[in-house]
Amino acid sequence: MYGLKFPHSARTREIRFVLNGSETSVRVPPGYTLLETLRYVLRMTGTKEGCARGDCGECTVLVDGVPVHACLTLMSQVEGRSVLTVEGIDRQHRLIRAFVEEGAVQCGHCTPGIVVAAYHLLSQVPRPTEEQVREALRGNLCRCTGYVKIIRAVLKAGEA
Amino acid sequence: MQHLADVEVYSVRTLREALELLSSVKGLRVIAGGTDLIVQLKTGVVPKTNLLDVSRVDELRYVRFEDGILRIGALTTFMEIYRSELVRRHAPLLAEAAFTVGSFQIMNKGTIGGNIVNASPAADSLPPLYALNAELKIVGPRGERFVRIQDFYKGYKKLDLMADELVAEVRIRPPGEGYVGHFFKHGLRRGDAIAVVNGAVLLRLSPEGIVRDARVALGAVAPTVVRSPSSERVLVGSRLSPEVMWRAAEAVVNDISPIDDVRGSAAYRRELSVNYVFMTLYRIARETGVVA
Amino acid sequence: MTAQRAVGAPVARRDAFEKAVGAAKYASDLFLDDMLWVAVLRSKYPHARIRRIDTSKAESHPNVVAVFTHRDVPVNRYGLFKKDRPVLCDDKVRYIGDPIALVAAETREDALEALKLIEVDYEPLPPVTDPIEAMRPDAPKVHDDGNICREVHLRLGDVDGAFARADVIVENTYRTGAQIHAYLETEAGISYMEDGKIVVVAGGQSPYRDRAEIAHALNLPEEMIRVVTPYVGGAFGGKDDITVQIHLALVTWKTGRPARLVWSREESMMAGTKRHPAIIKIRTAATRDGTILANKIEIVLDKGAYTALGPAVLDVAVENCNGPYRVQASQIDAYLVYTNNMVASAFRGFGAPQVIFAIERQMDLLAKKLGMDPLELRLKNALRKGDRYVFGNVLEGSVGIAQCLEVARSHPLWRSRGRNSCEWPWLRRGVGVAAAMKGYTIGALPDKGVVALELLRDGRVLVKGSFTEIGQGVIQAVAQIAADLLGVSVDDVEVVFADTEVTPDTSVTSASRQLFLAGNAVREAVEALRERVAELEGRLSGRRPARVEFSGGWVFIDSERRYSLQELARLLESTGLGRQVLGVYEVPRVEPLPGTLEIPHLFYMFGVTLAEVLVNLLTGEVTVSKVVSIVDAGRVINPITFTGQVEGAVAQGIGFALMEDAKIRDGYLLTRDLSTYLIPSSKDVPEIEVIPVETEEAEGPFGAKGIGEIGIISVAPAILNAVADATGVEPNAIPLTHERLYWLLKEHGLVEQLRRAST
């Protein structure tokens, strides 16, 4: 746990959850967000912070299989649940391949959150329409790509 | 920015435990999805306080149709509401609104009970609930009681809810045959955006195109969501012609009191309210074949 | 002996995979054991004198290690053009983001809490927030030497004569807003001591320049500082200036400990730089047949509180304000004015989006007055290669504007103009066109870049340069260029970037010219390697070869002998000649026009945007339903990264045109998050068709030219021209928010008209 120090005023408790398939236990303040825990405590930095208030979608993770903002999820809400982050997605997944091949990645900071959101979409709707992709990603901001290649990549992964 | 590292969070699994803690521990604030509250705590809009996390009270997460009433548990998320066949059948207005509550990530986490108690005048779920004459089931140490959604709000963020009570269920009696309506929302972006104005229009039309019942609700234009009796009066008994639609739309200004904020001026909100009611009436008229 | 042709191939980016799986590390992803968390106290007021700063309570807060103020900064002013920006404010605060103190604590939370314990005794001063008011002599002074940071006055050709013989004169005033970069990764970095040096790893655009700024502020030799720029989560010019670097270096230097500073989104919105808001007045003289005779142009840029890169932005605005046209005469008066607003500096387009918005709206208004087709008017006046531009410079580089306009003219979208049936009675459809130009390179300013090329022992190639990977894909493009020049597979080219300890100074990554610069430096490096092979051969055989060619992983010498690159590496090493060469490229330039810094450029980018919009008359909402971006691309090195750059620029242009409304009242920013400052989402950016018009930039590597900025420049005017086409209303200010357009539509009676028509 890399010795992250908690503030002098902190209250902590043991929180158990399943992270990318593994039983995990962390001692953190229950008021910590999942994002703070992932990045600061566990130093799993694939999940990015863009705004810390649910406006950008960068920190999208799956909790019990549905995409949510890690920045708007308290650790108390994670207790006993199952969390999937970008690190838990198979690196050979067709979605990753499509993102690389279609040039959907530029600065790449929004990419993990978008990959997680799109991964979930494809699990629900294997062959989504362009409109469905745009809706599913409407909360994932990207400042580099204009979304064109991101949408193309998700559609391509959906055709596979 | 506030941090929440020193906040105590009580996690409960049952409604009973929740009510017990609310009665025994003072100053607890209830957190459900937390999509509004966490931001408000971190930005200091809401003073930092200990929390009662009810997000795992699964008995409050359901959509049921019993005794002719659609019942939605307070912890049902907007995604669940949007996807519910029962909601689509009995309260399609609410399904439409649920789809516009922020991003999918917000829809997956935000709950209808949280939206109601957060009491933002711009809350997307509220205009449909006003138009549908929804009722809230409130539970507390003194038992349960029912309150009409209109009566639940006493003013800006003022609720008919005691500190030891919880909103447990939303009840909607389906309006019945012949009703058509739509939710509308004006955001400053097509993606995830907070409403500058939102609302719902629900009409019952006779086969000849005469309005038999009209319910017009508007959000983000007053301290609470409001119904527009002035507009409804113009509509009831009239044939849905463009002229009537405009007159009914313009009547809404009698019932709203918008303010200026960062998303728009009061004057613009007034115009949008009128124009959206017109556009929604027109859409209904076209869908029902009243206008071409 | 042709190379492998990596250039021009749609090769997938080498950094895409590690970014997509979340493995790539950005500055904000770095944590060090025992590091201090740094937080910045920022000004509460847009303008105030600081009477006293008391940090004692903060210092005694638990877990706080140190609190720093201006007293701790050896040289408390920095800045690229003028050292006017305090590292930590001393006498005054000049905008709401101005930094006053730093807290370094063992925990993030305690750092935040301690900020609240710092007592600052302010004497609020009247702020000046309107640049026009700020120019008045009696306005409150932001800096002691007055509010005009810089002014440019040019009289080019016979302006009075042109106006005297004009058939038509059109005059309008245009305004553009304070666009915020809103990159997804905020300003971020860490710092630590290593071998007696301060190491700063931070999101930035130019490690050598950042190093110089840190060294100056800390009064240390540059050699004592190492700056590393890892992958950057977006920059667009907003990380061209110093952000976290000096603060981090100060904390580590004073405490000896590692430190981390990452701005919150709110901090990024307030303390980060902005696009200069502009007020531009244009008076155009033209003949009846549509020949533009002259423009009188007045430009006022709101500088905000500090100079930053403003002087160069002003020059770019001046240079491009006449648009890509054969204008015979122009009078330009331009002012860069300090206010107590947030600091403006570099942002994609660097002054050009503002002036091109103005001149391209002006062109449509002129066309309307002349009764001409707006595209024909542009084509009639379009610059051609070899033309003398208004500054007297001959355009010797590629000038593809006429070709771009011709592509636009025959595009189905343009031909569909006027076919305007819509689904609902309150919708109106329109199509608009606008042209763009901007000089790339840093013009008349000196600019030299160096890259190192190392032949690895296994025969692969390593290119080292200080260029930064801010998302644009320069690393991929450099690899492709090196691969073709050396005749190796692109996978056999390694690239190391942006580390002052390891990579030579390839100058700054800005002004759409890093590929041009680095690519040419790689070419020079390959020449140097060729020279070294010749020397090697001279030593080995006693005869200098006439020809040295690289191909297929071999070097061929006079078609007689060949070595594998692996063998060549061994020979270079064993003979002591060395496996590494440097390539130095100095960008050609001319002397600046008197009174300017960097005018003119030798190299210009050109482009044309077509936009289709739907306007809702009852809400003022503009939906962009299609954009075609036609770019004079020179030679495209990688079609994927090329179109990606243009698509992203178009999206930012849509935001600039319609949505991105930084609401600033009396110097206070009201839109401090991404829920009130809206950038386009997946539902706001339509289908974008990118059409490269491949001209040849003779000076560019493989004929390539800069393209990073051109895609944004004509988006806003194309959209507003489309709105005018749809509604007949002529909006001249951006962002054209729903509310702004609604009132214009209402003022022009369109709402009432609709109502009358429907009843």
Estimated distance in nm for a label pair at B:ALA292 and B:ARG88, the labels positioned 7 Å out from Cα along Cα-to-Cβ:
3.3 nm
On average, how much accessible surface per residue is there in the stretch A:114-160, in Å², for a 1.4 Å probe, leaving out ligands, DNA and RNA?
33 Å²
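Give the value in nm², to one decimal: projected area of the alpha carbon convex hull of the stretch B:9-53, averaged over all directions. Please report the intermediate quantities before stating the final value.
Working: hull surface 12.0 nm².
Projected area, direction-averaged: 3.0 nm².
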Across A:71-82, the residue-averaged tally of Cβ atoms belonging to other chains within 10 Å stands at 6
Taking every pair of Cα atoms in the protein assembly as shown, average 1/r, invert it to obtain the Kirkwood radius, and report Rg/Rh to two decimals.
0.98
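What helices in chain B pass both tests, a Cα length along the helix axis of 27 Å or more and a mean Kyte hydropathy of -0.5 or higher, using whole DSSP H runs? Let's see the in-between values first.
Numbers: long enough: B:266-287 (31 Å, -0.15).
Once both thresholds are applied, what remains is B:266-287.
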Residues of the stretch B:9-53: accessible area per residue with a 1.4 Å probe, Å²
45 Å²
Contour minus Cα-Cα span, C:GLU527 to C:ASP558, at 0.36 nm per residue, comes to 9.6 nm
On a straight-distance basis, which lysines could pair with A:LYS156 in a cross-link, Cα separation under 20 angstrom, same-chain partners fewer than 8 positions away excluded?
C:LYS19, C:LYS683
About the Cα centre of chain C, what is the dipole size in debye to 20, counting +1 per Lys and Arg Cβ and -1 per Asp and Glu Cβ, all else neutral?
1280 debye
Along the positive direction of the dipole of chain C (beta-carbon charges: Lys, Arg +1; Asp, Glu -1; about the Cα centre), which of C:VAL555, C:ALA278, C:ALA726 reaches farthest?
C:ALA726
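Compute the accessible area per residue over the stretch B:58-172, keeping the other protein chains in place, probe 1.4 Å, unit Å².
Ligands and nucleic acids excluded, the figure is 36 Å² per residue.
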Helices from chain C with mean Kyte-Doolittle at least 0.5 and a Cα length along the axis of 20 Å or more, per DSSP H: which?
C:639-654
Pop a pseudo-label 7 angstrom from the Cα along the beta-carbon direction at both C:ARG136 and C:SER625 and give the gap in nm to one decimal.
4.7 nm
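Longer than 28 Å from Cα to Cα, which of A:LYS48/B:LYS109; C:LYS369/C:LYS746; A:LYS48/C:LYS92; B:LYS157/C:LYS663; B:LYS154/B:LYS185; C:LYS116/C:LYS254 are they? Say none if no pair is.
Pairs exceeding 28 Å: A:LYS48/C:LYS92.
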Can you tell me which of B:181-188, C:181-188, C:552-559, A:105-112 comes out highest on packing, and rank the rest after it, using the mean Cβ neighbours within 10 Å?
A:105-112, C:181-188, B:181-188, C:552-559
Counting only other chains, what is the mean number of Cβ atoms within 10 angstrom of the Cβ of each residue in peptide C:26-37?
3
Under the Karplus curve 6.51 cos²θ - 1.76 cosθ + 1.60, θ = phi - 60°, whole-Hz ³J(HN,Hα) for the stretch B:46-56, x wherever Gly or Pro sits:
10, x, 5, 8, 5, 10, 10, 8, 9, 4, 9
Residues in the stretch B:276-292 that, when all protein chains are in place, have 20 Å² or more less accessible area than the chain alone would give (probe 1.4 Å)
B:PHE278, B:MET279, B:TYR282, B:ARG283, B:ARG286
For B:THR49 and B:GLU208 in the same chain, what is the full-extension length gain: residue separation times 0.36 nm, less their Cα-Cα distance, in nm?
51.5 nm
So which aspartates and glutamates pass the test for C:LYS25, namely a Cα distance under 14 Å, with those fewer than 8 places away in the same chain ruled out?
A:GLU49, A:GLU87, C:ASP15, C:GLU185, C:GLU469
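Can you work out the FRET efficiency for the pair B:SER257 and B:ARG148, with r the C-beta to C-beta distance and R0 = 25 Å, to the nearest 0.05? Each step should come with its number before you reach the end.
Numbers: r = 21 Å, r/R0 = 0.84.
Result of the calculation: an efficiency of 0.75.
Helix-only mean residue ellipticity at 222 nm, chain A, DSSP H runs n ≥ 4 weighted -39,500 (n - 2.57), per residue, nearest 500. What is it? Kindly include the intermediate steps, with their values, before the conclusion.
Working: 5 runs with 46 residues, N = 160.
Value at 222 nm, helices only, nearest 500: -8000 deg cm²/dmol.
Give me the summed buried accessible area for the A-C pair, 1.4 Å probe, to the nearest 100 Å².
The contact between C and A buries close to 4700 Å².
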How much of the DSSP beta bridge set in chain C is antiparallel, as a percent to the nearest 5?
75 percent
Compute the FRET efficiency between A:ARG43 and C:ASP333 as 1/(1 + (r/R0)^6), taking r as their Cβ-Cβ distance and R0 = 45 Å, and round to the nearest 0.05.
0.25
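Roughly speaking, to the nearest percent, how much of the protein assembly as shown's 1.4 Å accessible area is carbon and sulfur? Intermediate values should be presented prior to the final figure.
On the way: 18980 of 39280 Å².
Roughly 48 percent, rounded to a whole number.
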Residues listed by number, the stretch C:294-309, amide nitrogen under 15 Å from C:ILE148 label point at 7 Å toward C-beta:
C:298-303
So, with +1 on the Cβ of K and R and -1 on the Cβ of D and E, and no other charges, what is the size of the charge dipole of the protein assembly as shown about its Cα centre, to the nearest 20 debye?
1860 debye
Rounded to a whole number, the mean other protein chain Cβ count within 10 angstrom for residues of B:191-198 is 6
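Highest mean first, how do C:729-740, C:354-365, C:379-390, B:92-103 rank when packing is the count of other Cβ atoms within 10 Å averaged over residues?
Working: C:729-740: 20.9, C:354-365: 27.6, C:379-390: 17.8, B:92-103: 24.0.
Top of the packing list down: C:354-365, B:92-103, C:729-740, C:379-390.
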Given B:LYS42/B:LYS158; C:LYS57/C:LYS303; C:LYS296/C:LYS438, the pairs whose alpha carbons are separated by over 28 Å:
C:LYS57/C:LYS303
How much mean residue ellipticity at 222 nm does chain C get from its helices, if each DSSP H run of length 4 or more adds -39500 (n - 2.57) and you divide by all residues, to the nearest 500 deg cm²/dmol?
-8000 deg cm²/dmol
For C:GLU535 paired with C:GLU730, estimate the spin-label separation in nm (one decimal), with each label point 7 Å from Cα along the Cα-to-Cβ line.
6.6 nm
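Compute the relative contact order of chain C as a whole-number percentage, counting only Cα pairs closer than 8 Å that sit 6 or more residues apart in sequence.
Details: 1975 pairs, mean separation 118.7, N = 759.
Here the relative contact order equals 16 percent.
Taking R0 as 56 Å, what FRET efficiency do you get between C:ARG384 and C:ARG756 from their Cβ-Cβ distance, rounded to the nearest 0.05?
Working: r = 49 Å, r/R0 = 0.88.
So, using R0 = 56 Å, E works out to roughly 0.70.
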Percent antiparallel among DSSP beta bridges (both partners in the stretch C:271-403, rounded to 5)
50 percent
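The values are calculated or read from the model by the stated rules, or taken from the named source; none is laboratory data. Fair warning: this is a prediction, and the values are worked out from it, not measured in the lab. Note: ideal-geometry Cβ built from the backbone for every residue, glycine included; neighbour counts use all protein chains shown. Side chains included, ligands, DNA and RNA excluded: accessible areas come from the protein's heavy atoms. Shrake-Rupley method; radii C 1.70, N 1.55, O 1.52, S 1.80 Å.
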